[in-house]
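Written below as structure tokens is the structure these notes are about.
The values are calculated or read from the model by the stated rules, or taken from the named source; none is laboratory data. No experiment lies behind these values; they were computed from the predicted model shown. All Cβ positions, even for glycine, are placed from backbone atoms using ideal geometry, and neighbour counts span all protein chains on display. These area figures cover heavy atoms from the full protein model, side chains too; ligands, DNA and RNA do not enter into them. Shrake-Rupley method; radii C 1.70, N 1.55, O 1.52, S 1.80 Å.
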Amino acid sequence: MVKKPCISLDDLRRQVEACRACPLCEGRTNTVFGVGNPQARVLIVGEAPGKNEDLQGEPFVGAAGKYLNELLGLAGLAREDVFIANVLKCRPPGNRDPRPEEIQTCTPYLREQTRTINPEFIVTLGNFATKFILKTDRGITGLHGKLQMAGRFKVFPVFHPAAALYDSKKRVALEDDFVTLGHLLKQAASAD
């Protein structure tokens, strides 16, 4: 089997910025491609941009983003160590849930990002990212904090930081899961 060459992140970003493949492009201020270390060991995948992300063109910049930075610290990581992306690159109106046809249209970009970055771990935030990456109908409540495999990638599903801001039980679970992620990263590094 011939391996397809990876597209550079800059070229892929230009493709995302030019995308008009679904109606979400009509309401966006900016596309939200993703940010971070292009050689990251950890790819963080969220659902879709919110209002602040759409305005700034960067994922996780609001309260959930501030909390995500704290969570990364619990795993021994900083924002600069990881790459953060979303399943969708444009904000759904009113922050509604992504529709199946929007996910289908947009996910080739996430697949290419994943191929190019080639992370060791993919951390999925919440139901949509987890269900897409793991190709499952199981919800995040039953999957969070348990290492899974998707092809050659180690997938670690966790609750979405935004959900934990309003639910103290999810907050405790999420913080515990990021501590576990830190242990998994150390184990993987010592096995190399």
quick note, the chain, DSSP beta bridge pairs, % antiparallel (nearest 5) is 30
Say we join alpha carbon atoms closer than 10 Å with springs in a Gaussian network model of the chain; which of T31, T130, T180 then has the biggest fluctuation?
T180
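For region 1-94, calculate the relative contact order in percent as a whole number, restricting contacts to Cα pairs under 8 Å that are 6 or more residues apart. Intermediate values should be presented prior to the final figure.
Working: 132 pairs, mean separation 36.5, N = 94.
Relative contact order for region 1-94 comes out at 39 percent.
Once you list every other residue whose beta carbon is under 10 Å from the beta carbon of Y109, what net charge do they have if Lys and Arg are +1 and Asp and Glu are -1? If you can, show how the numbers build up before the last one.
On the way: positive: R13, K89, R111; negative: E112.
Residues close to Y109 contribute a combined charge of +2.
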Distance between Cα centroids, region 61-78 to region 1-42: provide it in whole Å.
23
Whose amide H sits under 5 Å from the amide H of I122, counting only residues 5 or more places off or on another chain, with H placed in the peptide plane?
L43, K154, V155, F156
Largest to smallest accessible area among Y67, Y166, Y109 [probe 1.4 Å]:
Y166, Y109, Y67
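Could you do me a favour and compute the accessible area per residue for region 84-130, 1.4 Å probe, result in Å²?
Numbers: 1700 Å² over 47 residues.
Accessible surface, normalised per residue, equals 36 Å².
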Lys pairs, the chain - Cα-Cα below 22 angstrom, 8 or more residues apart or on other chains
20
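Helix-derived [θ] at 222 nm for the chain: sum -39500 (n - 2.57) over DSSP H runs of at least 4, divide by residue count, nearest 500? Could the numbers behind the result be given before it?
Values: 9 runs with 92 residues, N = 192.
Using -39500 (n - 2.57) per qualifying helix, the result is -14000 deg cm²/dmol.
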Relative contact order of the chain, please, whole-number percent, based on alpha carbon pairs below 8 angstrom and at least 6 residues apart.
23
With a 1.4 Å probe and all protein chains left in place, how much of the accessible area of region 52-192 comes from carbon and sulfur atoms, in whole percent?
52
If the label point sits 7 Å along Cα→Cβ of N95, residues of region 55-70 with amide N under 17 Å come out as 55-69
